[in-house]
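Peer 1: This is the structure I want to talk about, given as C-alpha cells.
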Amino acid sequence: MTTMEEKAIVSDQYYKAEEKQYSYLNLGPTHPATHGIFQNVLKMDGEVIVDATPTIGYIHRAFEKLAERRPFYQITPITDRLNYCSAPINNIGWHMTVEKLLGIEIPKRVHYLRVIIMELARITDHLICNAVIGVDTGALTGFVYLFQHRELVYEIYEEICGARLTSNIGRIGGFERDFSPKAWEKIDKFLKEFPGVLKEFENLLVRNRIFMDRSIGVGGISEEKALGYSFTGPNLRAAGVDYDVRVAIPYSSYEDFEFIIPVGQNGDVYDRFMVRQEEMWQSLSIIRQAIEKLPDGPFHADVPDFYLPPKEEVYHNMEALIYHFKIVMGETDVPKGEVYHSVEGGNGELGFYLISDGGRTPFRLHFRRPCFIYYQAYPEMIKGSMLSDAILTLSSMNVIAGELDA
Amino acid sequence: MTEGLDKIVSIVKEKFEFDLLRSEVLVDFPTIVVKNERVVEIISYLYDHPEAKFQFLTTLCGIHLPEVNQIVVMYQLHNLITNQRLRIKTFLPVDNPVIPTLTTVFPSANWMERETYDFYGVVFQGHPNLKRILNVDDMIIFPMRKEYPLEDQVREDKNDAMFGR
C-alpha cells in the first residue's frame, strides 16, 4: 500500500467519523438568487442548513475614510451609494446631520418637501423588497408590475433633482430649486395610480395559499433576539417592537402627521412582508397630508455661508460671488462639535455620527448602517431551515449590499 | 437633556464612582467618559439597573486622535422604553489598544467590534471571532488611523496645490 492510498483511507475514515452527513455549499458571492453580493458558506445536512458563515466586504469602498477628505457638500453623493434603493433618505439624513452641527433653522416648507421625498423613497424601497419576496416564492408577475410604478417615482426624482437612482437630492439647508409644476403633476399622477396597483399586488399575494405556505413561520426571530441583535426598521417591527425613529425622535416635522406604526407578531417572512406593505399605505397617507398642509415659504434656509447662491447672482452680485467662492473652495468656518442624527431609512435606523474639528472636512464620520448590524443575525435565523427558505429569508430582510459594506 | 445626564451620572456613581471621568451633553446627546478597563462592566450594570435599562446597542465605533496618541471607542446605548440615549466613550493608548468585548452583553456587538478591529486595530478580549470583516485578510495596516492618508502624498502626477481636496 502506498502512502497516498494510506492517506486517502485515513481521510475517508475521518470523513466518515466526523462529517459524514454534512456537505458544504457555497451560496454566492454572485448567485442570481441572493440579489447582491453576499457569500454564505452553508454547512448542509441534506437540504437542511446546519450552520452558515457569511463573508462580507465584497463591495467595500471605504466611505468613512473617503469622507475624511471631502467637504461636507461632497459627502452627499457618497451617501447615495449606501442604500441605493432609497438614496434620498440617506441624502436628506446627511443634510440634517450637518444642519444640526451648524445649528441652522430650517423653514417649515423644506421639512414638508423633505417628508414627501423621503416617503416616496420609502415606498420604492419597500416595493422592491416585497416584489422580490414575491419573486423568490415564484411570483414574478407582481415584481414586473410594481417596477413600472417604481419608474414613476424615479421620474419624480428626476424632475426635482435631475438624477434617478443616485439622486444627490437637495442641499445643506434645503433644496436647490422649488418643485416644478411638472413635479407636482407627476406626484399627483403617482398618488392617483399607485394605490390601485398596490391593492392589486396585495390581492395577488396576501391571502395566496402558496405564498402563505412558503412564508409563514419561515425565518422567524423573537423579539428578545431581534433587540439583542440591534434590529431596527421593518424587521424589528415585524418581531413586535414598535420602535420607529420617525416617532421616537421626530425629525423634519414628522410630529405634524398622523400615521400608525404597523407591528408584526412572529418576525417571520410573512410578518415582514405585511409590515412593509402597511408602511407603504402609511407613507401614501403621509404624502397626502404633507401636500395638503404644505406651507408657503422659501425652499431653503437663509444660510449664505453654506447654501450655494443661484448662478445668475454669482455673475452679477459681488456678495454672491464671494459666498460661492468660499463654499466651493471650502473656506467657510464650521463649528467644532460632535453630533449624531438618525433617520428612519428604508430598512432601519440610519445614523450619522459626525465629529467636526472645525476644518473643511469631517474629522470622523461614522455611518450606522442598519443592514450591517442586522445581517449578523442571518446565520442564526436560517439554522435548521431549508435552503430555499434561507434565500427567502435573505430577501425578506432587505439586505442591501451597498449599505452592508459601505 | 441635562436632567437625563444627571440621572445617569448618579446611577453610574452609585457603583463606579472612580471610573467615571467626565460627563457632558454634546448637542442633544448625553455623553460620559469612563475608564477603559471598566467599560463593559458599566454597560452591563446599566443594562440591568432598573432605572437605566439601556438594553439596545445603537452603534459602536472607533475614533483615532493622533494629537494625544489615543484611540477612542464610542458606544451608543438606547433605552427604547423611556427613549433615553447615552453615549459612552473610553480612551485607549494607540500602542496597546486592548479592551474587553461587549459581545457578552449584546450579540450585535460582534460585527461592530470586528469592524472596529479591522479599521483601528482595537483588540477586543474574549471576542469569539476577532478577524477582519470588510478589508482583505492579509492587510497589514489598520486603515482608518490618521497616519494612513487616503492617497499617496508623494505622487507627482497630480497637483492639488490650488484645489486641494
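Peer 1: What residue, among those in segment B:57-72 that are in a strand (DSSP E or B) and within 19 Å of B:Y148 (Cβ to Cβ), is farthest from the other protein chains (Cβ to nearest Cβ)? Break it down into steps so the answer makes sense when it comes.
Peer 2: Kept after step one, since they are in a strand (DSSP E or B), are these residues of segment B:57-72: B:57-65, B:70-72.
In the following step, the residues that additionally are within 19 Å of B:Y148 (Cβ to Cβ) were identified as B:61-65, B:70-72.
On the way: B:C61: 4, B:G62: 9, B:I63: 5, B:H64: 8, B:L65: 9, B:Q70: 13, B:I71: 11, B:V72: 9 Å.
Per the criteria, the residue is B:Q70.
Peer 1: B:R85 is checked against (1) more than 10 Å from every other protein chain (Cβ to nearest Cβ); (2) crowded, with 21+ Cβ neighbours inside 10 Å; (3) touching a strand residue (DSSP E or B) at 6+ places or on another chain (Cβ under 6 Å); (4) not aromatic (F, W, Y) and fails just one. What number does that condition carry?
Peer 2: (1)
Peer 1: Got at least one residue in segment A:242-252 being over 30 Å from A:I391 (Cα atoms), surrounded by 15 or more Cβ atoms within 10 Å (Cβ to Cβ) and more than 14 Å from every other protein chain (Cβ to nearest Cβ)?
Peer 2: Yes, there is a match, as at least one residue in segment A:242-252 is over 30 Å from A:I391 (Cα atoms), surrounded by 15 or more Cβ atoms within 10 Å (Cβ to Cβ) and more than 14 Å from every other protein chain (Cβ to nearest Cβ).
Peer 1: Give the residues of segment A:314-340 that are more than 10 Å from chain B (Cβ to nearest Cβ), part of a helix (DSSP H, G or I) and of a type in the set (V, I, T), sorted by residue number.
Peer 2: Of everything in segment A:314-340, those that are more than 10 Å from chain B (Cβ to nearest Cβ), part of a helix (DSSP H, G or I) and of a type in the set (V, I, T) turn out to be A:V314, A:I322, A:I327.
For every residue, the table says whether it meets (1) touching a Leu at 6+ places or on another chain (Cβ under 9 Å); (2) over 20 Å from B:K15 (Cα atoms).
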site: B:H49; (1), (2): no, no
site: B:F56; (1), (2): yes, yes
site: B:T59; (1), (2): no, yes
site: B:H64; (1), (2): no, yes
site: B:V68; (1), (2): no, yes
site: B:Y75; (1), (2): yes, no
site: B:L86; (1), (2): yes, no
site: B:L92; (1), (2): no, yes
site: B:T101; (1), (2): yes, yes
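Peer 1: Has segment B:28-50 got any residue that is of a type in the set (G, A, S), crowded, with 18+ Cβ neighbours inside 10 Å and farther than 28 Å from A:E99 by Cα?
Peer 2: Within segment B:28-50, the subset of a type in the set (G, A, S) is B:44.
The next check asks that each one be crowded, with 18+ Cβ neighbours inside 10 Å; those that pass are none.
Checked against the condition, which is being of a type in the set (G, A, S), crowded, with 18+ Cβ neighbours inside 10 Å and farther than 28 Å from A:E99 by Cα, segment B:28-50 yields no hits at all.
Peer 1: If you don't mind, there's one more thing I want to ask. Would you check if there is a residue in segment B:92-104 being more than 10 Å from every other protein chain (Cβ to nearest Cβ) and buried (at least 22 other Cβ atoms within 10 Å of the Cβ)?
Peer 2: Here is the first cut: in segment B:92-104, the residues more than 10 Å from every other protein chain (Cβ to nearest Cβ) are B:92-104.
Filter once more, keeping what is buried (at least 22 other Cβ atoms within 10 Å of the Cβ): B:97, B:102.
Yes; the residues of segment B:92-104 include at least one that is more than 10 Å from every other protein chain (Cβ to nearest Cβ) and buried (at least 22 other Cβ atoms within 10 Å of the Cβ).
Peer 1: Taking segment A:341-352 as the region of interest, how many residues are more than 13 Å from every other protein chain (Cβ to nearest Cβ) and small (G, A, S)?
Peer 2: Residues in segment A:341-352 being more than 13 Å from every other protein chain (Cβ to nearest Cβ) and small (G, A, S): 2 in total.
Peer 1: Give segment B:1-26 a look and list any residue that's modelled with pLDDT of 85 or more, of a type in the set (V, I, T) and over 16 Å from B:K89 (Cα atoms), or say none.
Peer 2: Matches in segment B:1-26: B:I11 only.
Matching residues to (1) within 14 Å of chain B (Cβ to nearest Cβ); (2) not in a loop (DSSP other than H, G, I, E, B); (3) not polar (S, T, N, Q):
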position: A:L354; (1), (2), (3): yes, yes, yes
position: A:G359; (1), (2), (3): yes, no, yes
position: A:L365; (1), (2), (3): yes, yes, yes
position: A:F372; (1), (2), (3): yes, yes, yes
position: A:Y375; (1), (2), (3): yes, yes, yes
position: A:G384; (1), (2), (3): no, no, yes
position: A:A390; (1), (2), (3): no, yes, yes
position: A:T393; (1), (2), (3): no, yes, no
position: A:L404; (1), (2), (3): yes, yes, yes
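Peer 1: I'm trying to understand the selection: among the residues of segment A:223-234, which are touching a helix residue (DSSP H, G or I) at 6+ places or on another chain (Cβ under 6 Å) and either more than 8 Å from chain B (Cβ to nearest Cβ) or of a type outside the set (G, A, S) (or both)? Show your work before the answer.
Peer 2: In the first step, residues of segment A:223-234 are kept if they are touching a helix residue (DSSP H, G or I) at 6+ places or on another chain (Cβ under 6 Å); the result is A:226, A:229-234.
Scanning segment A:223-234 gives A:A226, A:Y229, A:F231, A:T232, A:G233, A:P234.
Peer 1: Another question, if that's okay. Determine, yes or no, whether A:I286 is in contact with a helix residue (DSSP H, G or I) (Cβ under 9 Å, 6 or more places away or on another chain) and assigned to a helix (DSSP H, G or I). Let's see the steps before the verdict.
Peer 2: Values: in contact with a helix residue (DSSP H, G or I) (Cβ under 9 Å, 6 or more places away or on another chain): yes; assigned to a helix (DSSP H, G or I): yes.
For A:I286, the condition - in contact with a helix residue (DSSP H, G or I) (Cβ under 9 Å, 6 or more places away or on another chain) and assigned to a helix (DSSP H, G or I) - is met.
Peer 1: Moving on to the next point. If only one of A:G217, A:G196 is part of a loop (DSSP other than H, G, I, E, B) and surrounded by fewer than 18 Cβ atoms within 10 Å (Cβ to Cβ), which one is it? If you could, list the steps in order and put the result at the bottom.
Peer 2: Working: A:G196 fails: part of a loop (DSSP other than H, G, I, E, B).
The unique qualifying residue is A:G217.
Peer 1: Are any of the residues in segment A:186-209 in contact (Cβ under 8 Å) with a residue 40 or more places away in the chain and within 30 Å of A:F306 (Cα to Cα)?
Peer 2: yes
Peer 1: So for segment A:228-236 (the condition being surrounded by fewer than 21 Cβ atoms within 10 Å (Cβ to Cβ) and more than 14 Å from A:D268 (Cα to Cα)), does at least one residue qualify? Spell out the reasoning first.
Peer 2: First pass over segment A:228-236, keeping only residues surrounded by fewer than 21 Cβ atoms within 10 Å (Cβ to Cβ): A:228.
Pick out the ones that are also more than 14 Å from A:D268 (Cα to Cα) and you get A:228.
Within segment A:228-236, one or more residues are surrounded by fewer than 21 Cβ atoms within 10 Å (Cβ to Cβ) and more than 14 Å from A:D268 (Cα to Cα).
Peer 1: If a residue has to be within 14 Å of chain A (Cβ to nearest Cβ) and either β-branched (V, I, T) or in contact with a Phe, Trp or Tyr (Cβ under 7 Å, 6 or more places away or on another chain) (or both) to count, how many in segment B:24-52 make the cut?
Peer 2: Matching residues across segment B:24-52 total 8.
Peer 1: Only one of A:Y24, A:Y84 is out of contact with any Pro (no Cβ under 9 Å at 6 or more places or on another chain) and exposed (fewer than 15 other Cβ atoms within 10 Å of the Cβ); which?
Peer 2: Numbers: A:Y84 fails: exposed (fewer than 15 other Cβ atoms within 10 Å of the Cβ).
Of the residues listed, the single one that is out of contact with any Pro (no Cβ under 9 Å at 6 or more places or on another chain) and exposed (fewer than 15 other Cβ atoms within 10 Å of the Cβ) is A:Y24.
The values are calculated or read from the model by the stated rules, or taken from the named source; none is laboratory data. No experiment lies behind these values; they were computed from the predicted model shown. Every residue, glycine as well, gets a Cβ built from its backbone with ideal geometry; the counts of neighbours run over all protein chains shown.
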